[in-house]
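Below you will find the structure I want to go over with you.
Read-outs: derived from the displayed coordinates by stated rules, not from any lab. Note that the structure is predicted; figures quoted are calculated from it, not measured. Here the Cβ positions follow ideal geometry from the backbone for every residue, glycine too, while neighbour counts run over all protein chains shown.
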Amino acid sequence: MRVLESNDWEQIQKESKRFRKETDDLQLSVRCYRGENLSSLHYEGLAELEKQLECSVNKVRARKFELLHQQVDNLRRKEKMLEEENQQIQYHLHHVAMLEQQQAAAAMVKPMEQQRMLEQFQFSGEDQPISSLLQLAPLPPQLQPYRVQPTQPNLQEFSLSIPDPSNYIW
């Protein structure tokens, strides 16, 4: 360990005094910015302080304006996105409403057609269920069932008579 010489000691003391003075000046400056202890300032010092404060206020206002401008831009972008989304939803709702109207119209046509078919038949005043009445209605040609005929000889002739057991070989 090196022993401090008197010259080194004096250097440390000078630097310590300089730091204390700089700290005191900064504290006085902060008090002046806060509006405290203005009695120690002369006219020139007060004018300089006012100029510095105005410059600081202008910087604060500029930054504030910049942030507000960014927020307005963000809100405009968001508004545009929401308007586009609203248009898409309105389009889909309109499309769904049109489909529902078409389905309702188609559903209205079926009972009207059924009523027309029922009116073609004359019934003797009996109230019959619609399902039994609809069974009497002729089918359109495209819905008529095909008639299938078997090709095997033993299936072509079908009789409902009971066969004679004497014909069987036992």
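Note down the net charge around residue 68, summing +1 for each Lys or Arg and -1 for each Asp or Glu among other residues with Cβ under 14 Å from its Cβ.
After counting each charged neighbour, the total is +2.
Would you tally the net charge around residue 29, using a Cβ to Cβ cut-off of less than 12 Å, leaving residue 29 out, and scoring K and R as +1, D and E as -1?
Overall, the nearby charge balance is -3.
Additional query: Apply the Karplus curve 6.51 cos²θ - 1.76 cosθ + 1.60, θ = phi - 60°, to the phi angles in the range 29-35 and return the couplings in whole Hz, x for Gly and Pro.
Whole-Hz 3J(HN,Hα) from phi for the range 29-35: 4, 5, 4, 5, 4, 7, x.
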